[in-house]
Amino acid sequence: MAFVRRKGNAYYLVHNVRRGGKVRQLHLARLGDRARITDEIVRAVSKKHPFVELNWRTLRDQLNNQIDLSDPQSPAVQKLVHSLRNLNVDLAGFFPPVLRLSEAPAVARELLLQLRLLQSTIQVKLDQFARKDELKRLGRTSGRIGTAHPGFRGR
């Protein structure tokens with residue numbers, strides 16, 4: 001069974017194997033300081049360890065549910081907020097005339113492509129948060145529908 005392990009500031013994908021009666025950890029991949037399983041990691045691990053069967057969907061689901069946004073003091077939330085603030089500052093200092101002055105049109109095209117990708121990613125995430133807020137509101141109001149009379153004690 002493969003799992004993600006943190007060692008220091010980095011995360012690793014590891015798998016327990018039995019050799020000579022002892023259990024050893026086989027390090028499949030270094031996931032970095034923020035555990036993510038990309039398609040590149042899947043290809044590399046599958047190529048390097050073809051006989052190790054992994055449930056990639058389950059591993060990705062575990063990592064996707066790893067950040068708990070309800071705790072504003074958690075290191076993961078603090079790091080995410082810090083990264084977003086830095087990105088905002090970097091983008092605020094970026095002006096379109098810089099692109100026109102660039103002697104490398106490929107750089108300008110790549111920057112515009114990445115900005116459009118960022119815009120669509122942000123819109124998707126905002127929509128996801130809006131849906132969760134809507135679901136919470138529905139959950140609060142649905143509790144009132146069909147409730148028993150206050151004097152009813154139940155069976």
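Points worth noting:
- What the Cβ-Cβ distance of L80 and H27 gives, at R0 = 22 Å and to the nearest 0.05, is a FRET efficiency of 0.25.
- Distance violations [Cα-Cα > 29 Å] among K48/K125; K79/K125; K47/K79: K48/K125; K47/K79
- Using the Cβ-Cβ distance between L91 and S70 with R0 set to 35 Å, the FRET efficiency from 1/(1 + (r/R0)^6) comes to roughly 0.80.
- Between the range 1-18 and the range 19-42, the Cα center-to-center distance that results, in Å: 5
- Order of D71, D39 under a 10 Å beta carbon neighbour criterion, fewest first: D39, D71
- Mean silhouette area of the range 2-64, derived from the convex hull of its C-alpha atoms and averaged over all directions, reads 4.5 nm².
Here, each number is a calculation from the coordinates, and none is a lab measurement. Note that the structure is a prediction, hence the values are computed from the model and not measured. With ideal geometry, Cβ positions are generated from the backbone for all residues, glycine too; neighbour counts draw on all protein chains shown.
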